[in-house]
Amino acid sequence: MKKISSLFVLTLLSTLTFAQKTNYNLLIGTYTAPGKSEGIYTYNFNTATAATTLKSITKNTANPSYLTVSPDKKYAYVVNETGNASTVSAFKYNAATGILTFLNKVDSHGADPCFITVDAKNVIVANYSGGSLAVFSRHANGSLSEAVQVIKHTGKSIDPKGRQESAHVHMVKFTPDHKYLVVNDLGEDQTYIYKYNAAGKDKTLTGKSVFKTNAGSGPRHITFSPNGKFAYLAHEFNGSITVFAYANGNLNKIQEIGSTPKDFTGKIDGADIHVSSDGKFLYETNRGDANSISAFSISANGKLKFIETVSTLGKGPRNFSIDPSGNFLLIGHQYTNNVVIFKRNKTTGKLTDSGKRIEVGAPVCLIFD
């Protein structure tokens, strides 16, 4: 009886400790050129107050724009977006100190990698200018192999401004069931579904299907609902959002909705899109002349209902992230060199300025650990 009581107390304390956790690492990927950033920044973020404290800076890594942390939280992987000489870097990650220790880097096999994802076996990168995606195996010590598979897209679309004269792979993302990889190609106006075999080496990815988006829309980022039943695709050129029902590697379109006021006449440059962890709200950022973020409620059938569009209070809003508590939403601004922290009403989904900022050069990617 005494052993059972002791076990109960330990379990209760453990549960309370987890529930009361308020400090998380916030990793920020940046552009080091033209020189306002020194690399990758790790901050402590307090989910009760939104207070931030710098823990470490990982220097001597060029344009680490997008990054990801391995499932076991022991390693981080980063794209080095440097034109034709672009690479992918592996780091050992110390979550306690926030320090990243360089392991190795390999050729990205495509110019300007702009997105990266990882699982227990592989790292997969989207090469924007190169129009390709590349798969790298992970060694036991966290370092990367040379590319085991490279897939080159070759199509184009109709954008009159010249951004669709060739393929531009913009995002690689696993489906919720982890059986497939979704790949958005902005240059082709197409979203690819690849079958995923973690141990497949040069056949890790094999084609399943291709979804043709509206011509000239520029599919950029996609996100899934927490229950895995719906997907939301953000288009860069017109700021529209396509809603899909998802099942067994298939995307079936159920809605198309805009993210800027109907009378807006400036340049729209859709950027990032995420769903809140409770599955009730979706947010999408627009750059260009808009510099805004739009909020939508999500109905039981996955469709979106517009709530509001507000200024992001900076220029060039790229990636944004909702903190683990759900109380705050952080937006990185590439051109005003800061992260703006909004309070998020978990009941209404609406955003208000917290007044708090993180001053950092050209932030592009925000990752909570």
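The values are calculated or read from the model by the stated rules, or taken from the named source; none is laboratory data. Predicted, not measured: the structure shown is a model, and the values here were computed from it. We place every Cβ from the backbone using ideal geometry, glycine too, and count neighbours over all the protein chains shown.
Criterion first (under 16 Å from Tyr43 (Cα atoms), within 19 Å of the chain's Cα centre (by Cα) and assigned to a strand (DSSP E or B)) does Leu282 satisfy it? So that I can check it myself, show each step before the final result.
On the way: under 16 Å from Tyr43 (Cα atoms): no; within 19 Å of the chain's Cα centre (by Cα): yes; assigned to a strand (DSSP E or B): yes.
No, not satisfied.
Condition check: out of contact with any Phe, Trp or Tyr (no Cβ under 7 Å at 6 or more places or on another chain), among the small types (Gly, Ala, Ser) and touching a residue at least 24 places away in the same chain (Cβ under 8 Å). Does Ser299 satisfy that?
Taking the combined requirement at face value, the residue does not satisfy it.
Scanning the stretch 262-274 for residues that are surrounded by fewer than 16 Cβ atoms within 10 Å (Cβ to Cβ) and touching a Pro at 6+ places or on another chain (Cβ under 7 Å) turns up nothing. Among the residues making up the stretch 40-58, those that are surrounded by 17 or more Cβ atoms within 10 Å (Cβ to Cβ) and either within 18 Å of the chain's Cα centre (by Cα) or among the hydroxyl-bearing types (Ser, Thr, Tyr) (or both) are Ile40, Tyr41, Thr42, Tyr43, Thr47, Thr52, Ser56, Thr58. Thr61 meets all of the listed conditions (1) part of a loop (DSSP other than H, G, I, E, B); (2) surrounded by fewer than 21 Cβ atoms within 10 Å (Cβ to Cβ); (3) modelled with pLDDT of 95 or more but one, namely (2). Against the test of being surrounded by fewer than 21 Cβ atoms within 10 Å (Cβ to Cβ) and modelled with pLDDT of 95 or more, the options Ile293, Ile257 yield a single qualifying residue, Ile257.
Checking the structure you have, find out if any residue of the stretch 241-254 is within 18 Å of Glu188 (Cα to Cα) and within 17 Å of the chain's Cα centre (by Cα). Yes, because at least one residue in the stretch 241-254 is within 18 Å of Glu188 (Cα to Cα) and within 17 Å of the chain's Cα centre (by Cα). Residues of the stretch 172-212 that are surrounded by fewer than 16 Cβ atoms within 10 Å (Cβ to Cβ) and free of Cβ contacts under 8 Å to residues at least 40 places away in the same chain: Asn197, Thr206, Gly207, Val210, Lys212. From the residues in the stretch 237-282 that are among the aromatic types (Phe, Trp, Tyr) and touching a residue at least 60 places away in the same chain (Cβ under 8 Å), which one is nearest to Lys303 (Cα to Cα)? The residue in question is Phe281. Here's a check for you: in the stretch 348-369, which residue that is part of a strand (DSSP E or B) and acidic (Asp, Glu) is farthest from Ile99 (Cα to Cα)? Among those residues, the one meeting the criterion is Asp353.
Scanning for something at pLDDT 95 or above and in a loop (DSSP other than H, G, I, E, B), does the stretch 263-276 turn up at least one residue?
Of the stretch 263-276, the ones at pLDDT 95 or above are 270-276.
So of that shortlist, the ones also in a loop (DSSP other than H, G, I, E, B) come out as 276.
The answer is yes, given that some residue of the stretch 263-276 is at pLDDT 95 or above and in a loop (DSSP other than H, G, I, E, B).
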